[in-house]
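Note sheet for the following structure.
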């Protein structure tokens, strides 16, 4: 035979369900930054030992914006993209190699990596950067 729940127990169960649902909603939306709220971009991502960490700011079918942190010795291997990519160093220094041409960027500096150009990123110590890709669909 099942015992009857007390009103207090029902309130606790309902509160816990509400907290769980809100937590699940936050996790579902956590792929992008909260909208209509100011953010200090360099602070939304931390360094992790021996890692590259990527946090999505906006991800749409027309393009995306991501912020990345690179620990010392970590970089990105050579790749090409069918779209232009804008990268800006937020903190530290990095070497951006585009079509075998080296560009040393420091905090505040940015560069456009042309579509279809082989490129890679070499660290110069720890650094953070923001990457913006606009997909035109006609490349």
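The values are calculated or read from the model by the stated rules, or taken from the named source; none is laboratory data. In this text the structure is predicted, and so the values were computed from the model without any measurement. Every residue, glycine as well, gets a Cβ built from its backbone with ideal geometry; the counts of neighbours run over all protein chains shown.
What to note about this one:
- Total residues in segment 48-77, condition within 17 Å of residue 122 (Cβ to Cβ) and assigned to a loop (DSSP other than H, G, I, E, B): 7
- Considering segment 105-133, the residues that are part of a strand (DSSP E or B) and loosely packed, with under 13 Cβ neighbours inside 10 Å include one that is modelled with the lowest pLDDT, namely 125.
- Checking each residue of segment 3-26 against the condition of being modelled with pLDDT of 85 or more and over 30 Å from residue 123 (Cα atoms) gives no match.
- Within segment 37-54, residues that are surrounded by fewer than 10 Cβ atoms within 10 Å (Cβ to Cβ) have Cβ atoms under 7 Å from residues that are part of a loop (DSSP other than H, G, I, E, B) in these pairs: 49/71; 50/71; 50/74, counting only partners at least 6 apart in sequence or on another chain.
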